[in-house]
Amino acid sequence: MTDEQYMRRAISLARGGEGKTNPNPLVGAVIVKDGRVIGEGFHHACGDLHAEREALKNCYQNGESPKGGEIYVTLEPCCHFGKQPPCTQALVEAGISRVIVGSRDPNPLVHGKGNAYLRENGITVEEDFLRSECDALNPIFFHYITTKTPYVAIKYAMTLDGKIATKTGESKWITNEEARAYVHVLRNRYSAILAGIGTVLSDNPMLNCRLTDENGKSVGRNPIRIICDSDLKIPLQTNIVKTAKEIPTIVACLAKNRDSGSQKYFDEKKRDLESLGVEVLVLEPSDRGESGRVDLPQLLKVLGEKNIDSVLFEGGSEIHYSALKSKIVNKIYAFVAPKFFGGKAKSPVEGEGVNLPGEAYQFELENVQFFGNNVLLEYRK
């Protein structure tokens, strides 16, 4: 096998941690000696062994000595104590002779220091090997570790004429079953899913992850559900509230000047929601935000402080526009079905819109996937 094949194996392994490592990165590692793979591993979950230590453990379990071997790792090895000790120290102690690194870690605690430590201890380090492919594993981690705010993606399904529902408001189903199943892959990937109160009132969704394997066994994890509900209108009987003790749920609302009756209702509603397992997040109104609505950049800052590294917006056309207007969107997932609804039905993004074509919010096409005759267009900022 070649260096490229070994690194591609490490990349494939890294994806095994998807949905489990947040807010840590996806990392894979392969140890090679005398032209043979003697150990491999990946970061399984936040708090578990890092990929390099997992691969070393695999070596020893296989009765192999890594001394004099090479390791292919998708991300620069860490050199600080966190939930796990430094991987650089483990590589030195194991006698690894060469480290081939894909991505550079932007974490200030690691950036350049991990590779430097290895070199200082006599290990040959090759950087930026298949870097673009390795970088593609961790856009969420790279964004979160440098900004301390969640990576934001918008997901919607539309017809060829850009409608997300018929003129009567019906939207089930625009896309086919295969495309709808992939939505749960996305929900598993992101730490949280966000919707507006309008979506909750009209659709009464669960916003959970129903990802299963070929045997029908559940293999996904539910994202934290976040509802933007400025006036705390969410009914206690909704699916979101009724399952809040099983699936972490946050309702973000606004602190406002209310009359005594309205304030009493608000306080009682807040207590009722909290007794049912909902975390009620009361935010101060912001001059920057739209009048009477939760300020999304302020909300993201608070979510980042809660170690929520990514949010998938499935919130409806108004909240999608608010996100674009706030310039917080990093990624777009646009599912397109070969149908036409016509009429004055809703589009994926509404709001007041821009005045001129030159003022459009622009994104770069990143990937295209086909689900039968349905298409997923992925765009990045």
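Among beta bridges from DSSP that stay inside the chain, the antiparallel ones total about 40%.
In this structure, the amide hydrogen of Leu75, modeled 1.01 Å from its nitrogen in the peptide plane, lies closer than 5 angstrom to those of Gly28, Gly102, Ser103, counting only residues at least 5 positions away or on a different chain. Hey, for a label at Asn62 modelled as a point 7 Å past Cα toward Cβ, could you say which residues of the range 90-112 have their backbone N under 18 Å away? Taking a point 7 Å out along Cα→Cβ of Asn62, the residues of the range 90-112 whose backbone N falls under 18 Å are 91, 94-100. Extending 7 Å from the Cα toward the beta-carbon at both Leu356 and Val282 defines two label points whose distance is 4.5 nm.
Each Cα pair under 8 Å and six or more residues apart adds its separation to the average, and for the range 154-217 the resulting relative contact order is 25 percent. Among 274-280, 151-157, sorting by the average number of other beta carbon atoms lying within 10 angstrom of each residue, highest first, gives 151-157, 274-280. Counted residue by residue at 0.36 nm each, then reduced by the alpha carbon distance between them, the extension gain from Asp213 to Ser275 reaches 18.9 nm. Taking square-rooted eigenvalues a ≥ b ≥ c of the alpha carbon gyration tensor, is the range 164-236 rounded, prolate or oblate, where a/c under 1.5 means rounded and, failing that, a/b exceeding b/c means prolate? Since a/c reaches 1.5 but b/c is at least a/b, the shape of the range 164-236 is classed as oblate.
Against the chain, whose longest principal axis comes from its Cα atoms, helix 296-305 is set at around 40 degrees.
For the range 223-264, what class follows from the C-alpha gyration tensor (a ≥ b ≥ c being the square roots of its eigenvalues): rounded when a/c is under 1.5, otherwise prolate if a/b is larger than b/c, else oblate? Note, shape of the range 223-264 comes out prolate. Electrostatic bookkeeping for Leu236 treats Lys and Arg as +1 and Asp and Glu as -1; over the other residues with beta carbon under 14 Å from its beta carbon, the sum is +2. For the range 229-381, DSSP calls about 70 percent of its internal beta bridges antiparallel.
Using the 1.4 Å probe convention, the accessible area of the chain works out to 48 Å² per residue with neighbouring protein chains retained. Axis angle, to the nearest 10 degrees, between helix 51-61 and the longest C-alpha principal axis of the chain: 50 degrees. Around Gly372, under 10 Å between beta carbons, what's the net of Lys plus Arg minus Asp minus Glu among the other residues? Combined, the nearby Lys, Arg, Asp and Glu give -2.
Between the beta carbons of Val185 and Thr2, assuming R0 = 45 Å, the FRET efficiency works out to 0.90 to the nearest 0.05. Taking all protein chains together, Glu364, Glu133, Glu76 sort by accessible area into Glu364, Glu133, Glu76, largest first [probe 1.4 Å].
For the peptides 238-244, 213-219, the ranking by packing is 238-244, 213-219, with the highest mean count of neighbouring Cβ atoms within 10 Å listed first. Each Lys or Arg adds one and each Asp or Glu takes one away; over the other residues whose Cβ falls under 9 Å from the Cβ of Leu194, this sums to 0. Between Ala136 and Phe81, residue separation times 0.36 nm minus the direct Cα-Cα distance comes to 17.2 nm. Distance between the modelled labels on Glu93 and Lys245, one decimal in nanometres: 4.5 nm (7 Å Cα→Cβ projection). With both labels modelled 7 Å from their Cα along Cα-to-Cβ, the Glu18 to Thr124 distance reads 3.4 nm. For the listed residue pairs Lys83/Lys148; Lys155/Lys264; Lys256/Lys301, the alpha carbons are over 25 angstrom apart in Lys155/Lys264.
The values are calculated or read from the model by the stated rules, or taken from the named source; none is laboratory data. Because the structure is predicted, anything quoted here is derived from the model rather than measured. Note: ideal-geometry Cβ built from the backbone for every residue, glycine included; neighbour counts use all protein chains shown. Remember, those area values only see protein heavy atoms, side chains included, never the ligands or the DNA or RNA. Shrake-Rupley method; radii C 1.70, N 1.55, O 1.52, S 1.80 Å.
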